[in-house]
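The values are calculated or read from the model by the stated rules, or taken from the named source; none is laboratory data. Note that the structure is a prediction, hence the values are computed from the model and not measured. Here the Cβ positions follow ideal geometry from the backbone for every residue, glycine too, while neighbour counts run over all protein chains shown. Calculation scope for accessible area: heavy atoms of the full protein, side chains included, ligands and nucleic acids excluded. Shrake-Rupley method; radii C 1.70, N 1.55, O 1.52, S 1.80 Å.
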Amino acid sequence: MALVEIEDLTYWYPRSAEPALRGIDLQVDQGEFVLLTGPTGCGKTTLMRLLNGLIPHFHGGRMAGRVRVEGKDTRKTEPRELARRVGMVFQDAEDQLVTTTVETEIAFGLQNAGLPAATIAKRVEEMLVGLGLSRLRRRFIPELSGGEAQKVALASILALHPAVLVLDEPTSQLDPLSAEELLTLVRRVHEETGTAVVLSEHRLERCYHYATRVVHMGEGRVAFDGPPEEAARWCAEREGDFVPPVARVFVRAGWEEVPLTVNRARVLLRERGFLNGRAPDRMKGLPAEGEGKEGGEAARRGRELARLRGVCFRYPEGAEVLRDVDLLVNAGGHLALVGENGAGKSTLLRCLLGLLKPGRGKVWLLGESPSPRELHRLAPRLAYCPQNPSGFFVADSVRGELLRTLRLRGQDAADGEGLVEERLAAMGLLGLAERDPRDLSAGEREKVMLAAALLPPLPELLVMDEPTRGLDQRSKREILGCLRESGSGGATMLLVTHDVEFAASLAERAAVMGSGSIIVEGPSRGVLGDSLFFSPQVNRLLGDIYPGVMREEEAVRVLQEARKRCGR
Amino acid sequence: MLPVYREKDTLVHGLHPLTALLLVATLAASALLTENPAYCALACAGTLALLRLSDTWEECKPFLRLGLFTALLMAVINPLVNHQGEHVLVYGPRLPWWGSLDITLEALLYGLFAGMRVFTVIAACGMLSTAVSPDELLDLLSRLALRSSLAAALAVRLYPGMVADAARLREAQLVRGERLADGKARQRVKAALPLWLSLFRGSLDRAACIAEAMSARGFGSGKRTAWRSRRPRPRDAAVALCCVLLLGSEVAALAAGRGYSFFPSPRSPFTEWSPLAPFLPVLALLMILALAWSWRRWHWLRSRI
């Protein structure tokens, strides 16, 4: 008997005429690691909610078909019983932790399940030790880092000893290191305990190879269900956004084999005699070693937009967050700031925007020394997209949000309607114009924020804090296109990001921050290309032959050439 | 620093939640029950000293500011509405339906005394919020009212997030060009209102997400169990005894009719006391403070109680 059986399931949310899921047939067996892929809004979250009974017990709605967990119909099973068998970890730790300290959080579900006190105490201890959370035992939950909080959420679910662990984009709000750590932990749990895992994730390069099975969804249906290698080929040929970059470039280059990891890909290239330690001849149009390291020269000569000189900053209750930071952003020189969490990147942005006053040093923004009271004067020339779009939206509709931006910039309302329509149409948002921006998906919210920020006339400087956080590959691609277009229109971007693929695709220059200082700054091919962990996956694959390869289209050309040379 | 609980190694943090609750209630009740300003000042000084010794002074600053503001407000308002007392400091006009606006020394002193009472109560509440684990406290109270105690726990948990959301929203709107600090109060309120509404909306969304996560962990579909009960230790007995002494002596003084009145004219707060009367509350409070002080410096004592 399968752990979970879904038979011919169609589901409608309350007050919705269109079903969110249509005719789903799916089974999850003991010990499986199922990766759910698909674009935002395809029904992944709804499917996961069905597995542990949140649908229909919490969300209500109408169901046709059947969901059985260990043979029991979820409609007729008590939610607390389902909660013990199918544990679910959500996207944002902030929105799923209930109590104030780590150990009470782990105990919360066990208490709800009505377990005896001695069992609860034992399992809490087990989770604290097993997941390396002992030192956080009594920590106040709002003071945990994102990664720690998500580990606590995982511990609180694992404490219930579920037969199936369901994770709905658990790393979407985490930095790469914490994301890696969490996914490694999930894999460890899967391998050491045999718990079945159903994972939905956008960072496919980090987990595709863990999966024993991939289920790809589209428009509420299961579009593909099979082993990862077959799924990667199937997806790469149809919807290339939902496979790891390394698999995508191999399929696009026409290779029969589809490696899922950099290591496997390099073994493959070596077997074909392409990675034999000798650098092949330079390919036409591709940057060779060293080339591009002087790049961004034009940007260096551009007009100065923002400058920090010797900036130091310390929060009242903490250590020094910025230490003697010097940074220059010139017109045309898109700059990406990368670095670990807590390195001071967001604080640097807040100092640059005048939201924080540096303890020492000077800041110039668009020729002025910025301060919160005077920022309105810079509004027509400056745009800012914060990390969390809900901190941006105030109006009740997408159209209202764009009109509000124009009003704040001091533009005439009469011209506004036309400009807003034009912008919405250009970004494919006309269909969402009357929707509340807070109700949209992460990708749509990011696009609305950009649409507001990039209303004509384009701002001279666009400052973005983690613009790709929580986005799927398709949304990232759309946003990248929009930003490149604005870049050609004259806007300069300064972005803080953990997404090195995105940074390499957009920015000519990059800076790495660490413990409050700029460690290195320069052309992005040089800064991002010369590293193991700050470099894009394609650079890790081909960087030792073509150090300049940073973008997928470049990697595809190299692999096409390699295929030709190998006679395949 | 946000006024929330953080785990620390101090006497108050180490108390059983019931004892901690008794201590805070005793300090607040000492200020509220008495009419004698000396008793009230004792309770106030004791509360402030305990905040220092429990290392929660920084976290409690918002409470202390609120307490000080309320106390000053009471000190100002009381003489304007209370005109009893023999010593008139300022002769004011006589208003229809209101009466005389004379300001008396007694009313002013009583206002200060009432302010001190409120300040002490607010400071004690600050200690409860910052030095007593809300989870343990609410575990204790949940046997009486689970849902209310859980709602209170959630409020404590979500408060820092809401403060951070408010800051993010404000900063994003400032960069977009919103003039939140310009103009008269009415303009500022008008500019800030959409932000508050947005914050409220965000909080509702977050509440819905948390409700879903709670449901996913089986909340609300059966009887819950309690899992942890901290055993009372000698420190709890010592503090509880001091609390009983402190509160008991005050109740006894009240029952014996040893009250104090500011009107018609103030007297020394010590004249009404019998020679032994102040001894017990002072001793009780000093014992608590001595325990709290020794906890930080005397490992031997800390490890034995």
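Check A:Gly132 against each of (1) free of Cβ contacts under 8 Å to residues at least 24 places away in the same chain; (2) open to solvent by less than 10 Å² (accessible area, probe 1.4 Å); (3) more than 13 Å from chain B (Cβ to nearest Cβ) and name the one condition it does not meet.
All conditions pass for A:Gly132, except number (2).
Provide a single number: the residues in the range A:100-115 that are more than 7 Å from chain B (Cβ to nearest Cβ) and surrounded by fewer than 23 Cβ atoms within 10 Å (Cβ to Cβ).
0
Among the residues of the range A:206-234, write down those that are within 28 Å of A:Met127 (Cα to Cα) and either open to solvent by 20 Å² or more (accessible area, probe 1.4 Å) or touching a Ser or Thr at 6+ places or on another chain (Cβ under 7 Å) (or both).
Hits for the range A:206-234 are A:Arg206, A:His209, A:Tyr210, A:Thr212, A:Arg213.
Would you mind telling me which numbered condition in (1) hydroxyl-bearing (Ser, Thr, Tyr); (2) open to solvent by 60 Å² or more (accessible area, probe 1.4 Å); (3) over 19 Å from the mean Cα position of the chain (by Cα) B:Tyr159 fails?
Unmet condition: (3).
Show me the strands (runs of 3 or more DSSP E) found entirely inside the range A:317-372 where at least 1 residues are within 18 Å of A:Pro467 (Cα to Cα).
A:335-339
Taking the range B:56-71, which residues are touching a residue at least 60 places away in the same chain (Cβ under 8 Å) and in contact with a Ser or Thr (Cβ under 9 Å, 6 or more places away or on another chain)?
Within the range B:56-71, B:Thr56, B:Glu59, B:Cys60, B:Phe63 meet the criteria.
Out of B:Leu95, B:Leu72, B:Leu66, B:Leu105, which single residue is out of contact with any strand residue (DSSP E or B) (no Cβ under 6 Å at 6 or more places or on another chain) and surrounded by 15 or more Cβ atoms within 10 Å (Cβ to Cβ)?
Residue meeting the stated conditions: B:Leu66.
How many of the residues in the range A:143-184 are within 13 Å of chain B (Cβ to nearest Cβ) and without any contact (Cβ under 8 Å) to a residue 24 or more places away in the chain?
Residues that pass the stated criteria total 1.
Could you say which residue among B:Ala238, B:Ala181, B:Ala216 is more than 7 Å from chain A (Cβ to nearest Cβ) and either open to solvent by 30 Å² or more (accessible area, probe 1.4 Å) or at pLDDT 85 or above (or both)?
B:Ala238
Select from the range A:373-405 the residues that are among the hydroxyl-bearing types (Ser, Thr, Tyr) and in a helix (DSSP H, G or I) and write down the one among them that is surrounded by the most Cβ atoms within 10 Å (Cβ to Cβ).
Here the answer is A:Thr405.
List the helices (runs of 4 or more DSSP H) inside the range A:39-96, counting only whole elements, that have at least 3 residues being farther than 19 Å from B:Phe219 by Cβ and away from chain B (no Cβ under 11 Å).
A:44-51
Which residues, taken from the range A:165-196, are β-branched (Val, Ile, Thr) and surrounded by 23 or more Cβ atoms within 10 Å (Cβ to Cβ)?
Result: A:Val166, A:Thr171, A:Val186.
Could you give every pair whose Cβ atoms fall below 8 Å, whose first residue belongs to the range B:150-179 and is at positive phi, and whose second residue is buried (at least 20 other Cβ atoms within 10 Å of the Cβ) and among the small types (Gly, Ala, Ser), counting only separations of at least 6 or pairs across chains?
Pairs that qualify, where the first residue is at positive phi and the partner is buried (at least 20 other Cβ atoms within 10 Å of the Cβ) and among the small types (Gly, Ala, Ser), are B:Gly177/A:Ala379.
Would it be correct to say that A:Val243 is under 17 Å from the mean Cα position of the chain (by Cα) and away from chain B (no Cβ under 14 Å)?
yes
Identify the single condition in (1) more than 7 Å from chain A (Cβ to nearest Cβ); (2) on the phi > 0 side of the Ramachandran plot that B:Lys190 does not satisfy, given that it satisfies every other one.
(2)
Could you say whether any residue in the range A:380-398 is in contact with a Cys (Cβ under 7 Å, 6 or more places away or on another chain) and more than 8 Å from chain B (Cβ to nearest Cβ)?
Scanning the range A:380-398 turns up no residue that is in contact with a Cys (Cβ under 7 Å, 6 or more places away or on another chain) and more than 8 Å from chain B (Cβ to nearest Cβ).
Looking at the range A:376-403 only, could you name the residues that are of a type in the set (Lys, Arg) and either in contact with a helix residue (DSSP H, G or I) (Cβ under 7 Å, 6 or more places away or on another chain) or in contact (Cβ under 8 Å) with a residue 40 or more places away in the chain (or both)?
A:Arg381, A:Arg399
Going by what's in this entry, would B:Pro17 be described as more than 19 Å from B:Val251 (Cα to Cα), touching a Cys at 6+ places or on another chain (Cβ under 7 Å) and surrounded by 17 or more Cβ atoms within 10 Å (Cβ to Cβ)?
Criteria not met by B:Pro17.
List the number of the failed condition for A:Ala343; all other conditions in (1) open to solvent by 10 Å² or more (accessible area, probe 1.4 Å); (2) touching a residue at least 40 places away in the same chain (Cβ under 8 Å) hold.
The failed condition is (1).
Residue pairs, Cβ under 9 Å, 6 or more apart or interchain, first in the range B:29-42 and assigned by TED's automatic domain parsing to the domain that holds B:Pro266, second of a type in the set (Gly, Ala, Ser) and open to solvent by 30 Å² or more (accessible area, probe 1.4 Å). List them.
B:Thr34/B:Gly259; B:Glu35/B:Gly259; B:Glu35/B:Ser261; B:Asn36/B:Gly259; B:Ala38/B:Ser268
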